[in-house]
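A short worksheet on the structure shown next.
The values are calculated or read from the model by the stated rules, or taken from the named source; none is laboratory data. All values derive from a computational prediction rather than experimental measurement. Ideal geometry is used to build each Cβ from the backbone, glycine not excepted, and the neighbour counts take in all protein chains shown. For the accessible areas, the whole protein counts, side chains as well, though only heavy atoms, and no ligand, DNA or RNA atoms are used. Shrake-Rupley method; radii C 1.70, N 1.55, O 1.52, S 1.80 Å.
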Amino acid sequence: MRRAAITPCSLVEDWPRIWPFWHRIVAAGETYAWDRDTSEEAARSLWMNAAKRVYVAEDADGAVVGSAYLTPNYGGPAARIANAGFMVDPDHAGRGIGRALAEHVLTEAKVQGYRGMVFNAVVETNPAVPLWTSLGFTILATVPQAYEHPRHGLVGLYIMYKAL
């Protein structure tokens, strides 16, 4: 597959193309600390609220195969530390889409004046952890046994950081 095209997201056009894999990923309960039964309306608010810049990854046929958002992690004097979320349609995993989204969002974060990026709750068994570390994120801390994983039982949540 050629590299995914990353573009700004349109709520009207893109959300219906994000929701099927968003729901599938969250309902699996393996990587996000969101309610597995999150409604579509609540999901749209979580992923696409006004504070976030949302992007989509499209394949060569124009299908949305991933999405990411960029937002301030804190407010006030700490507003230059970013947070981001990433999802890749599981049917398209392992094709470099997550890396393309991550590289795009990290570049955008720098352009927008962020000084660093923090992930507040990365499930330690998340298969994206090697991607984050390869991009320069470090694990600052582990909150032990904080996440009830459906296959692994209680696992830790990482707090990860990268200076920009």
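Observations on the structure shown:
- Every residue from segment 71-81 that is open to solvent by 40 Å² or more (accessible area, probe 1.4 Å) and either over 16 Å from Val105 (Cβ atoms) or acidic (Asp, Glu) (or both): Tyr74, Gly75, Gly76, Pro77
- Residue ID - nearest to His152 (Cα to Cα), chosen from residues in segment 11-46 that are of a type in the set (Ser, Thr, Tyr) and in a loop (DSSP other than H, G, I, E, B): Thr31
- Ala50 being open to solvent by 30 Å² or more (accessible area, probe 1.4 Å), under 28 Å from Leu140 (Cα atoms) and at pLDDT below 95: no
- Tallying residues that are aromatic (Phe, Trp, Tyr) and over 16 Å from the mean Cα position of the chain (by Cα) within segment 114-164 yields 2.
- Taking residues in segment 31-42 that are under 16 Å from Tyr147 (Cα atoms) and in contact (Cβ under 8 Å) with a residue 12 or more places away in the chain, and partners anywhere that are open to solvent by less than 70 Å² (accessible area, probe 1.4 Å) and part of a loop (DSSP other than H, G, I, E, B), the pairs with Cβ atoms closer than 8 Å and at least 6 places apart or on different chains are Thr31/Asn126; Thr31/Ala128.
- Residue check, Ala27 in contact with a strand residue (DSSP E or B) (Cβ under 6 Å, 6 or more places away or on another chain), farther than 21 Å from His104 by Cβ, surrounded by 12 or more Cβ atoms within 10 Å (Cβ to Cβ) and not aromatic (Phe, Trp, Tyr): no
- Top-ranked residue in segment 65-96 [being of a type in the set (Phe, Trp, Tyr) and in a strand (DSSP E or B); ranked as farthest from Asn126 (Cα to Cα)]: Tyr69
- From the options Ala84, Ala43, Ala100, Ala68, residue that is modelled with pLDDT of 90 or more, buried (at least 16 other Cβ atoms within 10 Å of the Cβ) and more than 23 Å from Arg115 (Cα to Cα): Ala43
- Residue check, Ala57 surrounded by 18 or more Cβ atoms within 10 Å (Cβ to Cβ) and part of a strand (DSSP E or B): yes
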